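Inspection log for the structure reproduced underneath, given as structure tokens.
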Amino acid sequence: MTCSLTSGPATRTSTNWRREQAQLGYEFEHRFNETFSVQQNVRYGHTDTTNQYTGSSLQSGSTTILDRTAYGVYEQMNTVTTDTRLTLASAPAQWITPC
């Protein structure tokens, strides 16, 4: 959308920004014995962002007509992150071999 204004006082640029964000997750750990355990972390996230703004510039070849343009950027993002690890607990001296 483009609108034209005749000469007059300058108008300021307008900006509207909004973000909604939510996350849900869990942590799980199971020990099989004193040596082995497994851990898992899972997280789901959702983000909804709206960016709206206007810009202005002099019309090409004119010193009295100002063009204003409205822009909008609308984004949505869904994410899933997972981290799974197997842990081995042991005394460090058991893994060292003599030279």
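Table for the structure above
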| quantity | calculated |
| --- | --- |
| Residues with amide H under 5 Å from that of Gln59, placed H, sequence gap 5 or more | Ile65, Leu66, Asp67 |
| Extended-chain gain in nm, criterion 0.36 nm per residue less alpha-carbon gap, Leu86 and Asn33 | 17.8 nm |
| Sites Ser57 and Gln23, calculated FRET efficiency, Cβ-Cβ separation with R0 35 Å, nearest 0.05 | 0.30 |
| P(r) tail fraction, region 26-94 - alpha-carbon pairs more than 13 Å apart, % | 79 |
| Peptide ranges 42-52, 78-88 listed from the most packed, as the mean C-beta count within 10 angstrom indicates | 42-52, 78-88 |
| Solvent accessible area, Å² - Glu29, 1.4 Å probe, full protein context | 100 |
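The values are calculated or read from the model by the stated rules, or taken from the named source; none is laboratory data. Just so we're clear, the structure is a prediction, and the values are computed from it rather than from any experiment. As a convention, Cβ positions derive from the backbone with ideal geometry for all residues, glycine included, and neighbour counts pool all protein chains shown. What goes into the accessible areas is simple: the full protein's heavy atoms, side chains included, and nothing from ligands, DNA or RNA. Shrake-Rupley method; radii C 1.70, N 1.55, O 1.52, S 1.80 Å.
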